[in-house]
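**Student:** I am attaching a structure below and will ask some questions about it afterwards.
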Amino acid sequence: MSEPKRYDMMWDKNEDDYIFVSPSEQPRGRWVKWEDYAILKAFSDEAQAHIDKEERKSRERLDMEQEENTRIKAEVERLDTLCKQLMTQHSDISCENIMLRKNGDAMTEVLLKYIEPTDGYLTYLDCRANWTAAKEGKPNA
């Protein structure tokens, strides 16, 4: 629709000095013809319906995103708790690993005193090699 013609009411006098009010076309007038008003009203109603529809969609999208955000926060909290538990377990395992290595090293040194090369069993060097391989995670030779 093209821009509707706007009108304002103007006071005027005729040749007999009668005063009357008549509509005068004005670019910023406060009045429009009824036909133009009906078209503008229909356009306005249609635009408002579209805005309402988009607002509903936006609210639904916002609700879904808030639910997703809540779910993600719960998942982050769960993973954070799990991470803390795993860090504690890792720390415990690291301490046990250190203690076992120290004890294995000490045991290897003690064996040096008691293993005789002529016993037919493992020699000290064999024990030391096996222990070193075990510490490195290699299979026994």
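**Student:** Could you check the stretch 115-140 and list, in sequence order, the residues that are modelled with pLDDT of 70 or more, surrounded by 10 or more Cβ atoms within 10 Å (Cβ to Cβ) and assigned to a loop (DSSP other than H, G, I, E, B)?
**Tutor:** Matches in the stretch 115-140: Lys138 only.
**Student:** Something else now. Can you tell me which residue within the stretch 1-55, out of those that are among the β-branched types (Val, Ile, Thr) and within 52 Å of the chain's Cα centre (by Cα), is modelled with the lowest pLDDT?
**Tutor:** Among those residues, the one meeting the criterion is Val32.
**Student:** Consider Lys73 carefully, then state whether it is modelled with pLDDT under 85, over 30 Å from Gly137 (Cα atoms), in a helix (DSSP H, G or I) and among the basic types (Lys, Arg).
**Tutor:** So Lys73 does not fit the description; no.
**Student:** Now, a different point. Out of all the residues in the stretch 33-54, which are among the basic types (Lys, Arg) and either farther than 25 Å from Pro23 by Cα or assigned to a helix (DSSP H, G or I) (or both)?
**Tutor:** Lys41, Lys53
The values are calculated or read from the model by the stated rules, or taken from the named source; none is laboratory data. Here the structure is a predicted model, which means the values were calculated and not measured. Every residue, glycine among them, receives a Cβ derived from its backbone with ideal geometry; neighbour counts consider all protein chains shown.
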